[in-house]
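Since the structure comes first, as structure tokens, the remarks are kept for the end.
The values are calculated or read from the model by the stated rules, or taken from the named source; none is laboratory data. Just so we're clear, the structure is a prediction, and the values are computed from it rather than from any experiment. In this analysis, Cβ positions are derived from the backbone assuming ideal geometry, glycine residues included, and neighbour counts consider all displayed protein chains. What goes into the accessible areas is simple: the full protein's heavy atoms, side chains included, and nothing from ligands, DNA or RNA. Shrake-Rupley method; radii C 1.70, N 1.55, O 1.52, S 1.80 Å.
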Amino acid sequence: MTHSERIIYKNRSWSILANSFKQNRKSGTYLFFGPKGIGRWQTAVLYTALLNCESPRTDDTDRQYPQPCGECRNCKNILNLNFEGLKIALPIPPHENKMEKAIELTSEYIDEKRQEPFKILSSSRSVNIPITFAREIKKSLSLKAGTDITRVVIFYQMEEMKFAAADALLKMIEEPPADTVIILICDNPESLLSTIQSRSQNIKIDSNSIDDICTYLIENYGLTEIKASLLSKISEGSIGRALELIEVQDDTKKARRSEMFLIFKSLFNESGGETLSHMNDLLNFRDRSETMGLLRLWQLLIKDCSRYAVTQSEDEIINIDFKTDIIALSQNFPTGDISIEMISTIKNTLADLDRNVHIQGALMALALKLKKNIKMATVSR
């Protein structure tokens, strides 16, 4: 059993799914929801394996709930994401929705998930799940399933599905094909059509524990216990987020980090006009994933500054490549209130970016709001 599987089997959501399987009361449509990178994908894959396992494990004393054996032909194919009864729809850039190109991109994304199931898929461009995917899947499901096969359709990142595709999916849910389970995955059920919510069994995937994240980083990525512990504490209960925080060794990415930090530093030391000028000069406003990476880096930098202001401990600084500047900037964080306000403001902008708002306008507005937060904190000191 892999470490990722152990994490999923400990999650409360697995007990719900496994009990429904044990009682032969599986739903036609599930809605798995929770933050990205916590195991929504792996839960869907393992449940697919359980539904199709030739010899489910239910009698071991260390297994409180049924689990797929992981050894039969069906399990091996499903866990390798290469099973005839498993259909997957992922969001892709709109202009890449010709079927051949869409299949190619989907295969690339699936390969990333095959290598790291907790990886958060991101794109530099706006993405959506096109209606062609829903139609093609519906067409394939009209054919009779193989003997003893439960087909599973996974719609990943459902919030990226266009209305027309969602409408086509709703018809599929209302008239479910025989021997088929549909699994919808999203951050927040409220982002979906109410009719889709009401016709699905909602399954909340709980966040990962700090201990699980720490152990996963040590066992799978060779991090030291200190580094893994720090990353697990600031990853917001998401292994996927922790993976994004692992220091990148690539020189080009290091240079980009330095440029992103320069903009962050200017929030404190320069005028609003100079900060906006830096943003215009250094950022690619068409690259959505880089923009979101910038904002997550800023969140971590704020936490570093705020934490150092309280503890005065260099050992707890995550972004050690900016340690000297972080120590200097920490004087702008006399209380925890400013860090809470700034991080909340950034979270709101991240949510806006998830809804495909205009990137440049959102970042410019954010920079001015953050400068206002800093000024207010300085005045109140």
- request: Using only Cα atoms, tell me the angle between helix 251-269 and the longest principal axis of the chain; keep it within 0 to 90° and round to the nearest 10.
  value: 50
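Averaged per residue, what accessible area in Å² does the chain show with a 1.4 Å probe, protein chains only?
On the way: 18340 Å² over 381 residues.
Result: 48 Å² per residue.
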In nm, spacing of pseudo-spin labels at residue 22 and residue 136 (7 Å Cα→C-beta vector): 3.9
message: Under the rule of at least 5 residues apart or a separate chain, name every residue whose amide H is placed under 5 Å from the amide H of residue 92.
response: 128, 129
- request: Mind jotting down the three principal axis lengths of the range 1-50 based on Cα atoms? Whole angstrom, largest first.
  value: 27, 23, 17
task: At 1.4 Å probe size, with no ligands or nucleic acids counted, give the accessible surface of residue 318 in Å², nearest ten.
output: 10
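For the chain, which whole percent of the accessible surface, found with a 1.4 angstrom probe, sits on carbon and sulfur atoms?
47
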- line: For residue 342, the accessible surface traced by a 1.4 Å probe with all protein chains present amounts, in square angstrom to the nearest 10, to 0
message: Tell me the mean residue ellipticity at 222 nm calculated for the chain from its helices only (DSSP H runs of n ≥ 4, each -39500 (n - 2.57), averaged over every residue, nearest 500).
response: -18000 deg cm²/dmol
message: Give the lysines reachable from residue 372 as a straight Cα distance under 24 Å; neighbours fewer than 8 places away on the same chain don't count.
response: 265, 303, 347
- request: Can you tell me the equivalent ellipsoid semi-axes for the chain? Use √(5λ) from the Cα gyration tensor, largest first, whole Å.
  value: 41, 24, 17
- request: Considering the options 273, 70, 170, tell which one lies farthest towards the positive end of the dipole of the chain, charges being +1 on Lys and Arg and -1 on Asp and Glu at the Cβ, about the Cα centre.
  value: 170
- request: Could you state how much accessible area residue 135 has, in square angstrom rounded to the nearest 10, with a 1.4 Å probe and all protein chains kept in place?
  value: 150
- prompt: Just the C-alpha atoms of the range 249-315: what Rg/Rh do they give, with Rh taken as the Kirkwood radius?
  reply: 1.01
message: If you average the C-alpha positions of the range 149-220 and of the range 302-381 separately, how far apart do those two centres end up, in angstrom?
response: 33
field: Equivalent ellipsoid, the range 179-282 (semi-axes from 5 times Cα gyration tensor eigenvalues, Å)
entry: 35, 25, 13
Cα convex hull volume per residue for the range 118-216 (Å³): 145
statement: In the structure shown, of 139/171; 10/87; 119/369, the pairs separated by more than 22 angstrom at the C-alpha atoms are 10/87; 119/369
- prompt: So, in nm, how far is label residue 358 from label residue 116 when the simple model puts each one 7 Å beyond its Cα toward the Cβ?
  reply: 3.4
- prompt: In nanometres, what is the gap between the two model label sites at residue 344 and residue 274, each 7 Å from Cα along Cα-to-Cβ?
  reply: 3.0
